[in-house]
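Below is one structure; the comments refer to it alone.
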Amino acid sequence: MASQDWFDKDFYKTLGVAKDVSDSDLKKTYRKLARKYHPDSNQGDAAAEAKFKEISEAYSVLSDPEQRAEYDEIRAMGSGARFTAGGTGAGGFEDVFSRFGQGGRGQSADFEDIFAMFNQGQGGSFGSGRFGQTSGGFRGFGGPQKGADVTARTTLDFATAVQGETITLQGEDGKPFKVKIPAGVKDGQKIRLRGRGRPSPDGGENGDIVVSITVRPHPVFTRDGLNLRLTVPVKFTEATLGATIEVPTLGGDVVKLRVAPGTPSGRVLRVKGRGVKSSKGTGDLLAELQVAVPAHLDDAARSALEAFAAVEPKENPRAELMAKARA
């Protein structure tokens, strides 16, 4: 920070607080402003980013008791003070040195002291020295640094992931903590528990706990977005003549579906509202029919089937396939 900025910038005004503001009120005000003007919440807004830098700079000074005392002392000289190369008028080097009890001009130690106070003595700049030093904070803009996140993993059965549940996990310190699993969580999804991670090293917000979810596959059902899918075998006669069949749901009860006569293998029947119910909506149950071919026939069944083959329509089910292949 240039030395003149110490006189010209009113950090109390920047944050909108009184000069006797308490540490706790100062922190609350800063956090409120930081959330409002943070670059992540105002992407592409140059004015918001500039404002965020200003409030972070102000807080980095006022939140440190020693820096705040130095800042108040310098501001007490008034904004009219200037560093000039010579002269004895108000605002010259004499005013500054007399304020700090340094004597007069001509003493090299005086120059070193005053510039060191402004972080200029060794070529420093704002953020590199004691006054105005940032703690890393939000992308280096200053302000308190957020605590580190803590990661955790858990494996859920399929039904728990679909329906949601509150589970208990063990933290790094061995203490249990509860996690609310929302309905419809997917394999590989992460759940963030804000403020439950490690504390900030400098009075900022706590980190988060990030829980990675693994979902065990189900022997019958699979996820298709919010829909649940399953494959349902049907007999040749059911698909040919039509039938009413029973189909299981994830909850354990069954629903009845009507299979129309002449239904081909692969047709999907939909049961509305029996899929995943989540905050994003409710899915359906999708039942894909698969014609099951009997592996064993007794003599009576074989004879009946041969009799049917003799009188069945002489359509070639592969005719269209062959035509497309030749084309």
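Worth pointing out:
- For residue 134, the criteria (1) closer than 22 Å to residue 38 by Cα; (2) modelled with pLDDT of 80 or more hold in every case but one, which is (2).
- Test for residue 242: is it on the phi > 0 side of the Ramachandran plot and modelled with pLDDT of 95 or more: yes
- Just so you know, in the range 202-221 the residues that are β-branched (Val, Ile, Thr) and within 25 Å of residue 166 (Cβ to Cβ) include one that is surrounded by the fewest Cβ atoms within 10 Å (Cβ to Cβ), and it is 214.
- Yes/no for residue 312 being modelled with pLDDT of 95 or more and outside the structural domain of residue 165 (by TED's automatic domain parsing): no
- Checked against (1) in contact (Cβ under 8 Å) with a residue 24 or more places away in the chain; (2) more than 40 Å from the chain's Cα centre (by Cα); (3) part of a loop (DSSP other than H, G, I, E, B), residue 296 passes all but a single condition, namely (1).
- Extreme residue, farthest from residue 13 (Cα to Cα), among residues of the range 43-79 that are outside any helix (DSSP H, G or I) and of a type outside the set (S, T, N, Q): 44
- Positions within the range 257-296 being surrounded by 14 or more Cβ atoms within 10 Å (Cβ to Cβ) and closer than 30 Å to residue 180 by Cα, in sequence order: 271, 274, 275, 276, 277, 278, 282, 283, 284, 285, 286
- The set of residues from the range 214-235 being more than 12 Å from residue 247 (Cβ to Cβ) and not charged (D, E, K, R) comprises 214, 215, 217, 218, 219, 222, 225, 226, 227.
- Qualifying position, being at pLDDT below 80, more than 28 Å from residue 16 (Cβ to Cβ) and part of a helix (DSSP H, G or I), among 95, 40: 95
- Residue satisfying condition, being on the phi < 0 side of the Ramachandran plot and in a strand (DSSP E or B), within set 305, 286: 286
- At least 2 residues being among the aliphatic types (A, V, I, L, M) and more than 24 Å from the chain's Cα centre (by Cα) is the threshold, and among the strands (runs of 3 or more DSSP E) wholly inside the range 143-256 those reaching it are 227-235, 243-248.
The values are calculated or read from the model by the stated rules, or taken from the named source; none is laboratory data. In this text the structure is predicted, and so the values were computed from the model without any measurement. Glycine also receives a Cβ, built like all others from the backbone with ideal geometry; neighbour counts cover every protein chain displayed.
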